[in-house]
1. Any idea what % of Cα-Cα pairs in the stretch 99-144 are farther than 11 Å?
2. Evaluate the distance, in nm, between pseudo-label points positioned 7 Å from the Cα of Glu174 and of Arg102 along their respective Cα→Cβ axes.
3. Among Ser130, Ser223, Ser118, which one shows the biggest mean-square fluctuation in a GNM of the chain, springs joining Cα atoms closer than 10 Å?
4. Dipole size in debye (nearest 20) for the chain around its Cα centre, Lys and Arg Cβ +1, Asp and Glu Cβ -1?
5. At what distance in nm do the modelled label points of Asn150 and Lys249 sit from each other, each positioned 7 Å from its Cα along Cα→Cβ?
6. Using the Cα atoms of the chain to build a convex hull, what is its mean projected area in square nanometres?
7. Say the dipole of the chain comes from +1 at the beta carbon of Lys and Arg and -1 at that of Asp and Glu; which of Gln20, Ile76, Ala87 then lies farthest toward its positive end?
8. Taking +1 at the Cβ of each Lys and Arg and -1 at the Cβ of each Asp and Glu, which of Thr285, Asn297, Cys171 sits farthest along the dipole of the chain towards its positive end, judged by Cα position relative to the Cα centre?
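The values are calculated or read from the model by the stated rules, or taken from the named source; none is laboratory data. Since the structure is predicted, the reported quantities are computational estimates derived from the model, not experimental observations. Methodologically, a virtual Cβ is constructed for each residue, glycine included, from the backbone with ideal geometry; neighbour enumeration extends over all protein chains shown. Areas reflect the complete protein model, heavy atoms only, side chains present, ligands, DNA and RNA absent. Shrake-Rupley method; radii C 1.70, N 1.55, O 1.52, S 1.80 Å.
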Amino acid sequence: MQTAQEIEQSFTGLKLGSPQVHLNLALFPLIDERKVLSDYLLLDDALERNLARVTEVSADGRVPELSFENDSAERILLVDGDELVGAKQNRVLNLSVLVGSRQKLVIPVSCVEQGRWSYHSREFRSARRSLFAKARAKKVRQVTESLRVNRDRRSNQSQVWADVADKAAFCRVESGTLAMADVYEESAPRLSGYATAFRSEPGQRGAVIAVDGKPIGMELFDSAAAFARYLDKLVRSYALDAIETEAGKTLAPSAAEVHRFLEAMQAAAAERFPALGEGEDIRLTGDEVSGGALVANGRIVHLAGFAMA
């Protein structure tokens, strides 16, 4: 396996900005002075504008799949880890998908509400949340293995449920359906302290995220506008992990450590698979990192990478 040319090109021209830090969570901006306009809507915006619909695949439903319909004239980007709530149980997306105009797809998801299988609504709505980072990192690796071995895009559902249950136990949240949503809602005051401490900078297309002084993840979009819309969700997903080890100290890694993490991501072996919607899925595996990227029209639309635990 070789590295991906699109990954190398996407990293070219990126500059590492000064860290923004709140307690044990640090974000290093990834800034690109070139202006690139995104030519798609993000899922949250499309759903709120009633330009798309997400439903169960049938009246009976199937846990690992949902039906997505783009009713608009624009493309819509679904981002790995995004949570959808309603219908028979809440789910999160297994990988990023770019859906063309007027297209309908069956999308791969994981359940984050183990104790419910009954309708709350016919259609899903956006939760404006993402699967918290530790669980998302595991899911990314699981989906890569599923693509490699079975040519499908499934997670280890039992592991996802276990991760949500562990998070609920740590946060001392009692949830009748073991829903990740309840954990986020009960933790909202603590997470808001983190979320208000970070801002998007001009030209910022992404960030490297560190917890307890160690780089553990990165997020990169093809445009600053898309990243700015995603930032609050990103911060909260890492903050839900950061609160587990918060000790009142301000912690951030050195720029050299962040550069080493980025170099490991760039050097990771790449496997290519046809995307569900437009483009290609590139799955990244290295000795120290893993990740997934969606490529369309010769460029990275979205990339999520994680340090190995």
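1. Working: 835 of 1035 pairs.
Of all Cα-Cα pairs in the stretch 99-144, 81 percent lie more than 11 Å apart.
2. According to this spin-label approximation, the distance is 5.3 nm.
3. Among Ser130, Ser223, Ser118, the largest GNM mean-square fluctuation belongs to Ser118.
4. Details: 39 positive and 43 negative charges, 36 e Å.
Around 180 debye, computed over the chain.
5. 4.3 nm
6. Working: hull surface 58.3 nm².
The number I arrive at for the chain is 14.6 nm².
7. Ala87
8. Value: Cys171.
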